[in-house]
Amino acid sequence: MKGTKVIPLISLSQLIEHISDRQKISPISLKIVEESADFSLVEFDLAEIAGQEQAKRALIIAAAGGHNLLMWGPPGTGKTMLSRALPGILPPLTAAEALEVTRIYSVSGLLNPGQALLSRRPFRSPHHGTSGAGMIGGGSNPLPGEVSLAHLGVLFLDEMPEFPRSVLESLRQPMEDGTVEIVRAAGHVKYPASFTLIAAINPCPCGYLGHPRRECKCSDKQIAKYKTRISGPILDRVDLFAPVSAVETEKLSITGGNSANKISSKEAKKQVVKARKIQEERFKKEKRGIYTNSQMKNSDVKKYGCLLPETENILRLAAEKFDFSARSYFRLIKISRTIADLEESKDILPLHMAEALQYRQMI
């Protein structure tokens, strides 16, 4: 990091000698390597995914503002591919963010030998069998869990309803506060856990409810039970809902189809980086360490919302019609703020709010 003086040490005794001025150690010179987009490490490119333009747009908004996103649709429609493509459009960690993430991985013993600061945002994809302690953190000597290891990055829950209800409910506090508190006999530890949740679910146990060509074999009781696996409070903490429907055969053709409208990860990343820089400039004077629109508290939303009167009128009418909670009301402003940043607009226009509203359709 620029401006940082690094003094190499082999042992604690060598540190004592240096501090006592008996044997001074010269600082080493650092070569600053600028972060470049290494797409060879990206699992999927957005251009490889057929169709799903609405879901791709939701993914870009989620990446630009750090918003939680839930995608639902039948198996094989690209939910997992879209989620796996997300690291390719995320910007590198800033210097301050890199310090936060590196500290967590250092405490967890997950830094590779000789590795210094982490530059890539974390992408964690825990298995369905992950316990509550594994997700939130714990142990006799409390260590960070998956939510903290995903700090300032992504926590991807594939087939979200398959996770135990207790594990999903444990996500409520970190999704709201951005921190996790672990209380054990050995002590009380607080870890940061401000992550972007990306979840993928099927519409029913068999996965084919509403499919245009395949028949759903689930009973109404099975479907109702399946949907209750994710509680209302968890869904209320999700910012964006995106349907991922079955893809038309024409779009799957490797020789046909219109490739002109396909956005690549490289192009999407440029949009995301530009929006993040706008947010970085907006929040640089805040002392709480806010990096994205999703991290704003209600007081910040009132300060940086910049809603035009017409925009606020649309929001009020929608809130009354669909009975949005206070949390959803403010989340809509945050989402529309991100959409405005993607368009490089100072004010949140009615069309920005209208787009934000279309992503609030519940499953």
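All of the numbers you see were taken from the coordinates with simple rules; none came from a lab. Computed from a predicted model, the values in this text were never measured in an experiment. Note that we place each Cβ from the backbone using ideal geometry, even for glycine, and neighbour counts take in every protein chain shown.
Could you work out [θ]222 nm for the chain from helices alone, using -39500 (n - 2.57) per DSSP H run of at least four and dividing by all its residues? Round to the nearest 500 deg cm²/dmol. Before the final figure, lay out each step's value.
Working: 16 runs with 144 residues, N = 363.
Mean residue ellipticity, 222 nm, calculated: -11000 deg cm²/dmol.
Hey, can you rank 205-217, 106-118 by average C-beta count inside 10 Å, highest first? Numbers along the way, then the final one.
Details: 205-217: 14.6, 106-118: 12.0.
Listed from highest to lowest mean packing, they are 205-217, 106-118.
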Mean separation of Cα contacts under 8 Å, 6 or more apart, over the residue count of the chain: relative contact order %:
20 percent
Using the eigenvalues of the Cα gyration tensor, what equivalent ellipsoid semi-axes result for the stretch 42-252 when each is taken as the square root of five times the eigenvalue, whole Å, largest first?
32, 22, 13
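Given R₀ = 45 Å, FRET efficiency for His188-Ile223 by Cβ-Cβ distance, to 0.05? Before the final figure, lay out the partial values.
Numbers: r = 43 Å, r/R0 = 0.94.
Computed FRET efficiency for His188 and Ile223: 0.60.
Among Ser140, Ser170, Ser264, which comes first, then next, by fewest other beta-carbon atoms within 10 Å? Don't skip to the answer; put the middle values down first.
Values: Ser140 8, Ser170 19, Ser264 15.
With the fewest neighbours first, Ser140, Ser170, Ser264 line up as Ser140, Ser264, Ser170.
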Expected unfolding gain across Arg327-Leu351 under the 0.36 nm per residue rule, minus the alpha-carbon gap, is 6.5 nm
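Does the stretch 67-128 come out rounded, prolate or oblate by the C-alpha gyration tensor, with a ≥ b ≥ c the root eigenvalues, rounded set by a/c under 1.5 and, if not, prolate when a/b is larger than b/c and oblate if not? Walk me through the numbers before you get to the answer.
On the way: a/c = 2.82, a/b = 2.06, b/c = 1.37.
The shape class here is prolate.
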Which values of log₁₀ I(q)/I(0), to two decimal places, follow from the Debye formula for the chain at q = 0.09, 0.14 Å⁻¹ with a uniform point scatterer at every Cα?
-0.56, -1.28
Can you flag which of Lys287/Lys334; Lys227/Lys266; Lys79/Lys346; Lys227/Lys269; Lys270/Lys334 are past 25 Å Cα-Cα?
Lys227/Lys266; Lys79/Lys346; Lys227/Lys269
Starting from the Cα gyration tensor of the stretch 296-358, multiply each eigenvalue by 5, take the square root, and state the resulting semi-axes largest first in whole Å.
17, 13, 10
With no solvent and one point on each alpha carbon, what is the Debye value of log10 I(q)/I(0) for the stretch 61-170 at q = 0.16 Å⁻¹?
-0.82
Relative packing of 348-355, 19-26, 60-67, 42-49, which averages over residues the other C-beta atoms within 10 Å, highest first
60-67, 348-355, 42-49, 19-26
What residues qualify as long-range amide H neighbours of Ser194, i.e. H under 5 Å apart, gap of 5 or more or another chain, H built at 1.01 Å from N?
Leu152
Would you calculate the separation in nanometres between label points at Glu215 and Arg103, each defined as 7 Å from the Cα along the Cα-to-beta-carbon direction?
5.9 nm
